[in-house]
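Student: Okay, here's the structure, questions in a sec.
The values are calculated or read from the model by the stated rules, or taken from the named source; none is laboratory data. Note that the coordinates shown come from a computational prediction; the quantities given were computed from them, not determined experimentally. FYI the Cβ positions are ideal-geometry reconstructions off the backbone, even for glycines, and counts take in every protein chain you see. Each accessible area value is taken on the protein alone, full model and side chains, heavy atoms only, with ligands, DNA and RNA left out. Shrake-Rupley method; radii C 1.70, N 1.55, O 1.52, S 1.80 Å.
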Amino acid sequence: MAARKAFITGITGQDGSYLAEILLEKGYEVYGMIRRSSSFNTARVDHIFNDVKLEFGDLTDGSVLNQLMRTIRPDEVYNLGAQSHVQVSFGVPEYTADADAMGTLRLLDAIREEDVTCRFYQASSSEMFGKVRESPQTEETPFHPRSPYGVSKVFGYWITRNYREAYGMYAVNGILFNHESPRRGPTFVTRKITRAVGAILRGEQDELRLGNLEAKRDWGYARDYMDGAWRMLQADEPEDYVLATGETHSVREFLEEAFGYAGLDWNEYVKIDERYFRPAEVDLLIGDYAKAREKLGWEPTVRFAELVRMMVDHDRERERTEEHYV
């Protein structure tokens, strides 16, 4: 029996690299889409570079998506590619909408037009809840996005449901709350904090500039969440699921855990910088993953303190010259 084929957009990102590892361990033939660039940005998948098949493409280019679906004809498609930074989305709202919203539509339509029988996973986000109407947030909580990123993800969510209902496609949304790891990009607040801890310990940095320390998030471990994404596509029926830890912690608590673990007082290093405040803030996110636990048997394996320490340990050992996961 031939190996199942999986196609991943965003394979060079944090989530894509973990998902590729999981799928390879399960015997899949893994294809990943990468954007053409003058410099390689494959650090997260360098260790499996020879085991995956990388194809050039972009979510803003419908013709290449059609061509890739026509030639690969995957069994599973995971749409993880996006302009994924909330703060950046305020600066580049049109590009964010083109990649995150329209990109999802282009990929779904490529699957439909090329008549590919596959299961489709859309990376939806807790940022869709935005100014939350209830806590914790579930699959039934109304959306009120507070950024161009969140708005674009709401479109991606609904177009995925629309193609499921209109064309009978096996298409699901994974509504994932914040998920971190040592592979998190350095501009995201969690990795910015743990990289600063490492740099301070090595004498390379003496201050860390941050925005709102009171924002609360539900932080989990990215590899756990990619296991959940895979489980969603193995279920008998296509349904949407929240993945979360059910705990919420503020940026201040993340600072306390990270700096405290390294024997440092964060108050001596952190400066509040107005540049890092968002035009519209999301104050509190906390997810209820009861449905995923009951129907998929999914549970987060890494909790808050362990996650923070995992990231600090990685960034303490990182040499200054390393360019891992930039």
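Student: Rounded to the nearest 5, what % of the DSSP beta bridges within the chain are antiparallel ones?
Tutor: 5 percent
Student: Another one. Do you know the relative contact order of the chain, to the nearest whole percent, from alpha carbon pairs under 8 angstrom that are 6+ apart?
Tutor: 18 percent
Student: Say each of residue 234 and residue 43 gets a label point 7 Å from the Cα, pointing the same way as Cα to Cβ; how far apart are those two points in nm?
Tutor: The answer from the label model is 3.2 nm.
Student: Can you give the local net charge around residue 3? Use residues other than it whose beta-carbon is closer than 15 angstrom to its beta-carbon, Lys and Arg +1, Asp and Glu -1.
Tutor: 0
Student: Another question about this same structure. State the percent of C-alpha pairs, over all pairs in the range 6-163, separated by a distance greater than 20 angstrom.
Tutor: Percent of Cα pairs beyond 20 Å in the range 6-163: 51.
Student: Hey, another quick one. Need one number: convex hull volume per residue for the range 154-277, Cα atoms only, in Å³.
Tutor: So the per-residue Cα hull volume is 120 Å³.
Student: To continue, here is another question. Checking the table 5/131; 131/291; 53/131; 153/192 against a 29 Å threshold on Cα-Cα, which pairs fail?
Tutor: Distance filter (> 29 Å) returns 5/131; 53/131.
Student: If you fit an axis through the alpha-carbon atoms of helix 14-25 and take the longest principal axis of the Cα set of the chain, what angle between them do you get, 0 to 90°, nearest 10?
Tutor: Around 60 degrees separate the two axes.
Student: Please report, as a whole percent, how much of the solvent-accessible surface of the range 80-232 comes from carbon and sulfur atoms (probe radius 1.4 Å).
Tutor: After summing per-atom areas, the C and S share lands at 49 percent.
Student: Okay, moving on. Assign unit charges at the C-beta atoms only (+1 for Lys and Arg, -1 for Asp and Glu), then state the dipole size of the range 97-188 relative to its Cα centre in Debye, rounded to the nearest 20.
Tutor: Approximately 280 debye in magnitude.
Student: If you don't mind, there's one more thing I want to ask. Report Rg(Cα)/(2.2 N^0.38 Å) for the range 1-71, keeping two decimals.
Tutor: 1.08
Student: Per the Cauchy relation, a quarter of the hull surface: what is the mean projected area of the convex hull of the alpha carbons in the chain, in nm²?
Tutor: 16.2 nm²
Student: If I fit a long axis through the Cα atoms of helix 103-113 and take the longest principal axis of the Cα atoms of the chain, what angle between them do I get, 0 to 90°, rounded to 10?
Tutor: 20 degrees
Student: Rounded to the nearest 10 degrees, what's the angle between the helix 62-72 long axis and the longest principal axis of the chain, both from Cα atoms, 0 to 90?
Tutor: Helix 62-72 sits at roughly 70 degrees to that axis.
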